[in-house]
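Enquirer: One structure, pasted below without further comment.
The values are calculated or read from the model by the stated rules, or taken from the named source; none is laboratory data. None of the values given here were measured: they were computed from a predicted structure. Counting neighbours? That spans all protein chains shown, and the Cβs are built from the backbone with ideal geometry, glycine included.
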Amino acid sequence: AQTVTQSQPEMSVQEAETVTLSCTYDTSENNYYLFWYKQPPSRQMILVIRQEAYKQQNATENRFSVNFQKAAKSFSLKISDSQLGDTAMYFCAFMPDYGGATNKLIFGTGTLLAVQP
Amino acid sequence: EAQVTQNPRYLITVTGKKLTVTCSQNMNHEYMSWYRQDPGLGLRQIYYSMNVEVTDKGDVPEGYKVSRKEKRNFPLILESPSPNQTSLYFCASSPTGLAGVGEQFFGPGTRLTVL
């Protein structure tokens with residue numbers, strides 16, 4: 001079975017500092033996709049960043065970047081220059097690549113990040 | 001505006017009273033899915049649909065039904081709700097094929113409480 005583990009239920013960071021959220025996953029698949037979703041208090045699910053497993057280069061989106069370690073099955077999210085608006089629940093998610101046969105997302109349990117002023 | 005809509009956003013009901021949560025998307029996506037979110041468990045898939053008239057169970061389908069008579073709509077039906085179905089529900093959609101292996105578009109969520 002494919003699983004996603006987020007071992008940090010809660011984290012806190014000072015505004016303007018850098019924070020890293022960890023995520024590990026378990027799969028026997030070679031082709032897959034990894035995502036980080038943000039869920040602010042509004043409850044809306046917002047895609048933060050996406051990584052294709054076949055790409056060695058780590059994905060980056062402005063202040064958000066990932067450290068993808070395929071052999072270790074690790075996919076951490078780094079938030080630089082943290083802002084108050086980054087306060088949210090963050091979910092790591094995995095999608096096996098079955099050529100579009102199914103688009104199922106498998107989620108971790110989430111990390112609640114609080115950015116302190 | 002491209003979006004996934006859900007109704008109602010909030011619902012309080014009693015055990016055994018049938019209810020339907022509607023989901024509609026305006027992006028002509030083939031794939032639609034329902035998830036429930038519970039504290040400490042993340043989001044878990046209930047049902048999904050790859051296209052019209054094609055539905056299949058996800059990880060937690062017990063107590064739920066779905067239908068896909070039109071491409072844009074994917075309602076979630078609770079025939080006899082029970083308190084353990086109290087949860088936050090999300091509908092999501094995406095294209096299938098290579099175009100769909102990427103971002104799924106989520107609805108705003110429905111907070112359901114079953115007394």
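Enquirer: Of everything in region B:56-69, what is crowded, with 18+ Cβ neighbours inside 10 Å and either among the hydroxyl-bearing types (S, T, Y) or over 13 Å from the mean Cα position of the chain (by Cα) (or both)? Give them in sequence order.
Expert: Within region B:56-69, just B:Y64 meets the criteria.
Enquirer: A follow-up question, please. Restricted to region B:1-40, and to residues that are of a type in the set (A, V, I, L, M) and under 25 Å from A:M89 (Cα atoms), which residue is modelled with the lowest pLDDT? So that I can check it myself, show each step before the final result.
Expert: Of the residues in region B:1-40, the ones of a type in the set (A, V, I, L, M) are B:2, B:4, B:11-12, B:14, B:19, B:21, B:27, B:32.
Still in the running and under 25 Å from A:M89 (Cα atoms): B:2, B:4, B:11-12, B:21, B:32.
Values: B:A2: 86, B:V4: 96, B:L11: 97, B:I12: 97, B:V21: 98, B:M32: 94.
Looking at residues that are of a type in the set (A, V, I, L, M) and under 25 Å from A:M89 (Cα atoms), I get B:A2.
Enquirer: Just to be sure, is A:N30 more than 13 Å from chain B (Cβ to nearest Cβ) and in contact (Cβ under 8 Å) with a residue 12 or more places away in the chain? Full working, then the answer.
Expert: Details: more than 13 Å from chain B (Cβ to nearest Cβ): yes; in contact (Cβ under 8 Å) with a residue 12 or more places away in the chain: yes.
Spelling it out, A:N30 is indeed more than 13 Å from chain B (Cβ to nearest Cβ) and in contact (Cβ under 8 Å) with a residue 12 or more places away in the chain.
Enquirer: Which of the residues belonging to region A:107-117 are more than 8 Å from every other protein chain (Cβ to nearest Cβ), buried (at least 20 other Cβ atoms within 10 Å of the Cβ) and not hydroxyl-bearing (S, T, Y)? Break it down into steps so the answer makes sense when it comes.
Expert: Here is the first cut: in region A:107-117, the ones more than 8 Å from every other protein chain (Cβ to nearest Cβ) are A:111-117.
Among the residues that remain, those that are also buried (at least 20 other Cβ atoms within 10 Å of the Cβ) are: A:111, A:113, A:115.
Once the filter is applied, which keeps residues that are more than 8 Å from every other protein chain (Cβ to nearest Cβ), buried (at least 20 other Cβ atoms within 10 Å of the Cβ) and not hydroxyl-bearing (S, T, Y), region A:107-117 yields A:L113, A:V115.
Enquirer: Same structure again: Which residues, taken from region A:75-98, are among the hydroxyl-bearing types (S, T, Y) and either under 16 Å from A:G110 (Cα atoms) or crowded, with 16+ Cβ neighbours inside 10 Å (or both)?
Expert: We begin by selecting, within region A:75-98, every residue among the hydroxyl-bearing types (S, T, Y); these are A:76, A:80, A:82, A:87, A:90, A:98.
Matches in region A:75-98: A:S76, A:S82, A:T87, A:Y90.
Enquirer: Condition check: touching a residue at least 12 places away in the same chain (Cβ under 8 Å), within 14 Å of chain A (Cβ to nearest Cβ) and over 20 Å from A:L105 (Cβ atoms). Does B:R111 satisfy that? Break it down stepwise before answering.
Expert: Numbers: touching a residue at least 12 places away in the same chain (Cβ under 8 Å): yes; within 14 Å of chain A (Cβ to nearest Cβ): yes; over 20 Å from A:L105 (Cβ atoms): yes.
Here the answer is yes, as B:R111 does meet what is asked.
Enquirer: Inspect region B:5-24 for any residue being within 20 Å of A:F107 (Cα to Cα) and either more than 14 Å from chain A (Cβ to nearest Cβ) or surrounded by 17 or more Cβ atoms within 10 Å (Cβ to Cβ) (or both) and give the result as yes or no.
Expert: no
Enquirer: What number of residues within region B:60-99 are more than 12 Å from chain A (Cβ to nearest Cβ) and assigned to a loop (DSSP other than H, G, I, E, B)?
Expert: 18
Enquirer: Within region A:80-98, can you find the residues that are more than 20 Å from A:Y25 (Cβ to Cβ) and either touching a helix residue (DSSP H, G or I) at 6+ places or on another chain (Cβ under 9 Å) or assigned to a strand (DSSP E or B) (or both)?
Expert: Listed by number, the list holds a single entry, A:A88.
Enquirer: Taking the residues in region A:32-74 that are hydroxyl-bearing (S, T, Y) and in a loop (DSSP other than H, G, I, E, B) as candidates, determine which candidate is nearest to B:Y35 (Cα to Cα). So that I can check it myself, show each step before the final result.
Expert: So in region A:32-74, the residues hydroxyl-bearing (S, T, Y) come out as A:32-33, A:37, A:42, A:54, A:60, A:65, A:74.
Among the residues that remain, those that are also in a loop (DSSP other than H, G, I, E, B) are: A:42, A:54.
Details: A:S42: 17, A:Y54: 27 Å.
Per the criteria, the residue is A:S42.
Enquirer: Which ones in region A:1-23 are in a loop (DSSP other than H, G, I, E, B) and within 10 Å of A:S82 (Cβ to Cβ)?
Expert: Let us first name the residues in region A:1-23 that are in a loop (DSSP other than H, G, I, E, B), namely A:1-2, A:6-9, A:15-18, A:22-23.
Of everything in region A:1-23, those that are in a loop (DSSP other than H, G, I, E, B) and within 10 Å of A:S82 (Cβ to Cβ) turn out to be A:E15, A:A16, A:E17, A:T18.
Enquirer: Condition first: over 12 Å from the mean Cα position of the chain (by Cα), over 30 Å from A:P9 (Cβ atoms) and in a strand (DSSP E or B). Now tell me which residues in region B:14-54 satisfy that.
Expert: Within region B:14-54, the first condition is being over 12 Å from the mean Cα position of the chain (by Cα), and the residues that meet it are B:14-19, B:26-30, B:38-42, B:50-54.
Filter once more, keeping what is over 30 Å from A:P9 (Cβ atoms): B:14-19, B:26-30, B:50-54.
Listed by number, the residues that qualify are B:L19, B:M50, B:N51, B:V54.
Enquirer: How many residues are within 14 Å of another protein chain (Cβ to nearest Cβ) and of a type in the set (A, V, I, L, M, F, W, C) if we restrict to region A:75-105? Spell out how you get there, then give the answer.
Expert: Let us first name the residues in region A:75-105 that are within 14 Å of another protein chain (Cβ to nearest Cβ), namely A:88-105.
Keeping just the survivors that are of a type in the set (A, V, I, L, M, F, W, C) gives A:88-89, A:91-95, A:101, A:105.
Looking only at that region, the number is 9.
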